[in-house]
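The values are calculated or read from the model by the stated rules, or taken from the named source; none is laboratory data. This is a predicted model, so every value here is computed, not measured. Neighbour counts run over all protein chains shown; Cβ positions are idealised from the backbone, glycine included. Just so you know, the surface numbers come from the protein's heavy atoms only, side chains and all, with ligands and any DNA or RNA stripped out. Shrake-Rupley method; radii C 1.70, N 1.55, O 1.52, S 1.80 Å.
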Amino acid sequence: MPRFKRLAGLNARQVTVGTALFCLVLIAGFWLAAFLIAERDRVEIIEAEKLRNANLAIAFEAHTTRSLEKVTLILNAAARELRREGKQLKFNQLAVDMGIEPRLLQYFGFADEAGRLVDRSPTATAIDVSDREYFRHHQLTADKAIFISKPAKGRVTGQWTMHVTRRFDKPDGSFGGVVIAGLYPAYFTDFFQRADLGKGSVIVLTGFDGIVRSRKVENLTTFGDDLGKTPRWQKLLAERAQHPVGSYIAHGIVDGMRRIFSYRIFNDYPLIAAVGTSYEKVLAPANRAAQANYLAALIATLLTLGFGASVIILLRRHGADVATLADSEARLRAIFEQATVGIATTDIAGNYREVNRKFCDMLGYTAAELVGSNYLEFSKPGSVGDTATISERLLAGSLDNGNASGGHRFIHKDGRTVWVKFSTALVRGPTQDTSYFVNVLEDVSARWLAERQLKLLEKCVAKVNDIVIITEASPLDEPGPRIV
């Protein structure tokens, strides 16, 4: 019974708050797990894409370097030919010998010191290239290194051309002109034409000046875009010695699309090769998986909220039931303790479990002395037969109403005999070991003694031959006693 008091004492608000906090922690765990899984997948996919793009950038750099090296060899060979034979150049034969692909080469030519583009064809028309960037560079610089110009519309072909040039000096060391190779810039980015890099992917070949030599996005190739003024490009150039290769995520300067880029800075040429793939497309599978995880977290959240609400409702109902039980227990305890008759509960073996104050007064023992002891220890020898029989019949279920009554004699703590009239009932538990008896006992010792004295008096009177009158006791100043 005391357990109901303890449960009833629990603060319903504390239980509600505790349940709510548990549900909130659980929900936070669901969403945190979904977020961490999504973030892990996102990082893994990005790193894998960076590695893939880095490998493509390596292949792009190798392809471009290999092509430029062939062109460089032809330009150097042409310069040697010019020193030996004047302007007797065999560019076509040199290109064939070096394995130059027709898709790469627009033309080979030579511009003299005045900037006139000439060749050995009798019908060729001289074209002035003295205003071209590459011509002015070689005219003002004694360096014989290869120069890669910005893309421009070719005056011979009318197409976009990337000029790769070399200075030619006369025997006396003065400026003698420029050996020119006009290349198709799209050739470099068309290297991945057969590879499906995905929608929104970009391949870029850019010079250190920030001008795009060739840029291919899906099937669109552009030339000459200026990237040099952007912070990302300036930072990349400033740190190119420390970071000649790398990856980053940024929005495209030309189209604003967010991409995952990998780049490589050429060792022998002032060029940068970059490969970028669409951030959204690359992460689409991870985003779908994340959405599935977040949906699962949402479902788990709703289930948890439903569970928490149900628990709180049940706990509140339980609290009301416990409070009712506690009130009922308090009333029963008051009845138990304040009853004018003795009440005792015993297990099926006859050991006392609970006793009230009246029963303790009846036998002269304390509750501590009685609880746990067997009723036989306090019984008058020879008086337990009927009591034991009643208990056996109750356990066997042979009594229809489930209770029985009788008389019993106990021994008071001071040694006197206590006559009781009892009524007992069996309370059955889930098992026989949990069943117990409830006994209501009334002390009838005074009544038993009076009846015994009356019987003795009757026997005495029956043996007397004289008339015997029994009257009530009354005060002397009253008229006279009433004859009983």
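Selection among Leu302, Ile272, Ala238 by position relative to the dipole of segment 208-318 gives Leu302 as farthest towards the positive end (Cβ unit charges, Cα centre). Between Ala28 and Arg80, the simple label model (points 7 Å from Cα in the Cβ direction) yields a spacing of 7.6 nm. Take segment 12-89 with all the other protein chains still there, run a 1.4 Å probe, and you get 56 Å² of accessible area per residue. Charges were assigned to the Cβ only: +1 to each Lys and Arg, -1 to each Asp and Glu. The resulting dipole of the chain about its Cα centre is roughly 1640 debye. The fraction of accessible area contributed by carbon and sulfur in the chain is 57 percent, rounded to a whole number (1.4 Å probe; ligands and nucleic acids excluded).
Taking semi-axes √(5λ) of the Cα gyration tensor in Å as calculated from this structure, the corresponding entry among (i) 62, 29, 23; (ii) 40, 26, 22; (iii) 125, 19, 16 is (iii).
Against the chain, whose longest principal axis comes from its Cα atoms, helix 445-462 is set at around 20 degrees. For segment 363-443, a simple Cβ point-charge model (Lys and Arg +1, Asp and Glu -1, everything else neutral) yields a dipole of about 120 debye relative to the Cα centre.
Run lengths n ≥ 4 of DSSP H only: what is the helix-derived mean residue ellipticity at 222 nm for the chain, with -39500 (n - 2.57) per run over all residues, to the nearest 500? Helices in the chain give a 222 nm mean residue ellipticity of -14500 deg cm²/dmol.
Scanning residues 5 or more positions from Gly154 or on other chains, those with amide H under 5 Å from its amide H are Gln159, Trp160, Thr161, with H placed 1.01 Å from N in the peptide plane. Overall, segment 165-240 carries a charge dipole of about 140 debye about its Cα centre when +1 sits on the Cβ of Lys and Arg and -1 on the Cβ of Asp and Glu, all other atoms neutral. Apply the Karplus parameterisation 6.51 cos²θ - 1.76 cosθ + 1.60, with θ equal to phi minus 60°, to every residue of segment 310-324 and state each ³J(HN,Hα) to the nearest whole Hz, in sequence, with x for glycine and proline. With the stated coefficients, segment 310-324 comes to 5, 4, 4, 4, 5, 5, 5, 5, 4, x, 5, 5, 5, 4, 4 Hz.
Could you grab the Rg to Rh ratio for segment 134-207? Cα atoms only, Kirkwood for Rh. Write out the running numbers ahead of the final one.
On the way: Rg = 16.2 Å, Rh = 14.3 Å.
Rg/Rh: 1.13.
Between Ser201 and Glu218, Ser278, the built amide H atoms are under 5 Å apart, and every one of these is 5 or more places off in sequence or on another chain.
Rounded to the nearest 10 degrees, the inclination of helix 385-396 to the longest alpha-carbon principal axis of the chain is 40 degrees. Which of the pairs Lys50/Lys281; Lys70/Lys144; Lys380/Lys413; Lys358/Lys421; Lys413/Lys459 have their Cα atoms more than 23 Å apart in this structure? Too far apart for the 23 Å limit: Lys413/Lys459.
Once the Cβ-Cβ distance of Glu69 and Glu280 is raised to the sixth power relative to R0 = 45 Å, the FRET efficiency obtained is 0.75.
When the charge dipole of the chain is built from unit charges on Cβ atoms (+1 for Lys and Arg, -1 for Asp and Glu) and taken about the Cα centre, the candidate among Thr189, Thr165, Thr417 whose Cα reaches farthest toward its positive end is Thr165.
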